[in-house]
Amino acid sequence: MTDRKKDKQTARELIGEHMDLMLRMDLESEEKLPELIEERALIQSKMKDKANSIDYFNVNIKEREYLLDAEIESYKEEIDRLRNRKKSLTATSDYLNKVLLPMIIEEIGDENGVLETDTARYKLYETYGSVIVTEQGELSDDFIKTEIVQKVDKAKLRKACMSLHKDGKDLPSGAFITKIKRVKRS
């Protein structure tokens, strides 16, 4: 293995090499121990450099996440602004179609409620609007819709599973929890 290739070892390879060396230290004679200790110090130094590189890369990832979060926020604000514009256009269109045009057709349209312009023909007609509920309690049960939504309370289930697992008890059927390793950077 060339020196250049040895410098580019992965963290997993370095850990494996360190474990092999620790095993060799247990098996080798006392006279080779100083040489193995020196080799161990070199491997540990490489592992520390690898950890520094990983930390630098992780910090870089966090910086990029913050930049993306800021970009997402700016897009959310732009989306909100565009939605407000759309609501405004819809409100204007509703005003024209529900208030202004019917008023104009009533004033200058013919006796059948028809108004013809250069671009369109408008006909005024009557229809039913939305139902307005004044007292829901007075309505028959035929008009009441009941919705039942069942969802798993994952926070409560996680807490219960952690507690049961710590006590060595069986978890509820239909659920399992695993232990995972996390790293806290300080």
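In percent, how large is the relative contact order of region 3-166, given Cα pairs closer than 8 Å and 6 or more residues apart?
10
Calculate the dipole size of region 3-166 relative to its Cα centre from +1 charges on Lys and Arg beta carbons and -1 charges on Asp and Glu beta carbons; express the result in debye to the nearest 20.
Working: 29 positive and 36 negative charges, 149 e Å.
In total the dipole reaches around 720 debye.
Test of understanding: express the Cα radius of gyration of region 71-136 as a ratio to 2.2 N^0.38 Å, with N the residue count.
1.72
For the chain, which span is the longest to avoid every loop-located (per DSSP) member of trypsin sites (Lys or Arg not before Pro) having at most 13 other Cβ atoms inside 10 Å? Can you show the working numbers first?
Values: sites that count: Lys8, Lys145, Lys151, Lys169, Lys179, Lys181, Arg182, Lys184, Arg185.
Longest run free of exposed loop sites: 9-144.
Working from Cα positions, state the angle (0 to 90°, nearest 10) between the long axis of helix 33-95 and the longest principal axis of the chain.
It is inclined by approximately 0 degrees.
Set the Förster radius R0 to 35 Å, insert the Cβ-Cβ distance between Leu96 and Lys151 as r into 1/(1 + (r/R0)^6), and round the FRET efficiency to 0.05. Each step should come with its number before you reach the end.
Details: r = 43 Å, r/R0 = 1.24.
E between Leu96 and Lys151, to the nearest 0.05, is 0.20.
Taking only Cα atoms, what is the 0 to 90° angle, nearest 10, from helix 11-27's long axis to the longest principal axis of the chain?
Approximately 30 degrees, to the nearest 10.
Which residue, chosen from Ala70, Ile15, Asn58, occupies the Cα position most advanced towards the positive end of the dipole of region 1-132, where the dipole is computed from +1 (Lys, Arg) and -1 (Asp, Glu) charges on Cβ about the Cα centre?
Ile15
For the Cα atoms of the chain, what angle does the longest principal axis make with the long axis of helix 154-166, in degrees from 0 to 90, nearest 10?
Around 20 degrees separate the two axes.
Across region 24-109, how large is the tail of the calculated P(r) beyond 21 Å, expressed as a percent of all Cα pairs? The partial results should precede the final answer.
Numbers: 2545 of 3655 pairs.
Of all Cα-Cα pairs in region 24-109, 70 percent lie more than 21 Å apart.
What spacing in nm lies between the two simple spin-label points modelled at Leu124 and Leu27, each 7 Å away from Cα in the Cβ direction?
Going by the 7 Å Cα→Cβ label model, 10.2 nm.
Across the chain, where is the longest run that never hits GluC sites (Glu not before Pro) in a DSSP loop with at most 11 other C-beta atoms within 10 Å? Working shown, then result.
Working: sites that count: Glu111, Glu126, Glu135, Glu147.
Longest run free of exposed loop sites: 1-110.
Over the Cα atoms of region 3-166, how large are the radius of gyration and the largest Cα-Cα distance (Dmax), in Å?
37.7, 117
Here, each number is a calculation from the coordinates, and none is a lab measurement. Note that the structure is a prediction, hence the values are computed from the model and not measured. Positions of Cβ are backbone-derived with ideal geometry, glycine not excepted, and every protein chain shown enters the neighbour counts.
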